[in-house]
Every structure is written in structure tokens, then in C-alpha cells.
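The values are calculated or read from the model by the stated rules, or taken from the named source; none is laboratory data. Small disclaimer: the values here were computed from a predicted structure and weren't measured. No Cβ is skipped: glycine too gets one built from the backbone with ideal geometry, and neighbour counts run over all protein chains shown. We work out accessible area using only protein heavy atoms, side chains counted, and drop any ligands, DNA or RNA first. Shrake-Rupley method; radii C 1.70, N 1.55, O 1.52, S 1.80 Å.
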Amino acid sequence: MPESGVLFTGDAVLGYGSTVFETLYDHLQSLHSLLKCSPSIICPSHGPLRREDTASLISSAIQHRREREEIIIEVFLGELGGRCSGGDLCTAVYSKELAPDVLSAVYGRALHSVTQHMLKLEVDGQVKRESEHDGNEGAYIWSKASAGHTGAPDCD
């Protein structure tokens, strides 16, 4: 990459759509590292090569996650009162923007995304898990963290 300026991003940055990730913290750290590379060309695993505004493509992926996190926090603290299951949170967040049949079709991915955001917020010290999920992410019970709880610094 350094000499050529060409960056193969794999699934970390897509040419369109948004990535499914295993751990949001790791994904955000990867995006920040890619941004520091200042590539002249991005080769995503999906979508066209990007020769212009390469930094904005990476920045927009970071911004998308920040915006999603803001929506999740707003729904969690507002509409759901700061305590709910992962499944209830997912439904409340995504039912605002997806028709019921579409939400049903993408529910597993949506739930995984919401869970990853909540796990990040847990590390940030903003929420806590009251239960484990036994293989079902929707069964996590989340609540607002106490005022004295602190977590790791935000990687954004």
C-alpha cells in the first residue's frame, strides 16, 4: 500500500451498503487505521474501485456507525426507558425505518448490529448486561449503567 497508494479493504469498507462485523470495537479500530493510510485507490470486496474521495468513503462508514449508535441510545433511553431485551431494542430501532416484512427478512443481521452496538456501549460504560443470551442475542437484557460505572474509552 505505501508506494502504490492502493488499499484492498476486503469487507471492512464496501463500495456500497454496510458491513456485517463480528465485533464493533474491532471494526471501528480497523476503519480508523485504514483512514490513516490515506489511500489514493480503494479496492473493496464488493462494489467498484474508488479513485476519488477515498477518505470520505471510510469516514462515511465510521459516521454511519456513530449515527446508528445515536439512534440506538435515543430509543433505548427514551422509548424503552433504559431497560429492555436486545430483541425489543432491535424491533423498536428498525421498525422506524423498515416495513414489517423487510424487518422480518433482515432481523438476524439487524439484531446482531444492535447487539454489537450495545456491547460497545457496555465497554464504554454506558449500559450493562443483566443476563447472558444462551445463543440468542435477542435474549440479552440491557439496562442503563449506574453513574459510577466506567468502561474503556470510546475508540471513535
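The label point for A139 and the one for E3, both projected 7 Å from the Cα toward the Cβ, are 5.5 nm apart. Report the residues of the range 79-112 in range of a label on E130: point 7 Å along Cα→C-beta, backbone N strictly under 16 Å from it. Of the residues in the range 79-112, 79-90 have backbone N under 16 Å from the label point off E130. Annotation: amide H-H contacts under 5 Å for T9 (H modelled 1.01 Å from N, sequence separation of 5 or more, or interchain): C43, S45. Potential lengthening of the chain between C43 and E97 amounts to 16.4 nm, from the contour at 0.36 nm per residue minus the alpha-carbon distance. Taking 28 Å as the straight-line reach from the Cα of K96, the lysines in range (excluding those fewer than 8 positions away in the same chain) are K120, K128, K144.
Taking amide H atoms as placed 1.01 Å from N in the peptide plane, the amide H of S85 lies under 5 Å from those of W142, each 5 or more residues away in sequence or on another chain.
Relative to the longest principal axis of the Cα atoms of the chain, the long axis of helix 100-123 lies at roughly 90 degrees. Hey, what did the chain get for relative contact order, percent, Cα under 8 Å, at least 6 apart? About 21 percent, as a whole number. Of the solvent-accessible surface of the chain, computed with a 1.4 Å probe and all protein chains present, 51% belongs to carbon and sulfur. Per-residue Karplus couplings for the range 76-87, computed as 6.51 cos²θ - 1.76 cosθ + 1.60 with θ equal to phi - 60°, are listed in order as 4, 7, x, 4, 9, x, x, 7, 5, 7, x, x Hz, Gly and Pro entered as x.
Compute the helix-to-body angle for 24-36: its Cα long axis versus the longest principal axis of the chain, expressed 0 to 90° and rounded to tens. Compared with the principal axis, the helix lies near 20 degrees.
Taking every protein chain into account, the accessible area of the range 22-152 amounts to 52 square angstrom per residue (probe 1.4 Å). By how many degrees, 0 to 90 and rounded to 10, does the Cα axis of helix 54-74 deviate from the longest principal axis of the chain? With both axes taken from Cα atoms, the answer is about 0 degrees.
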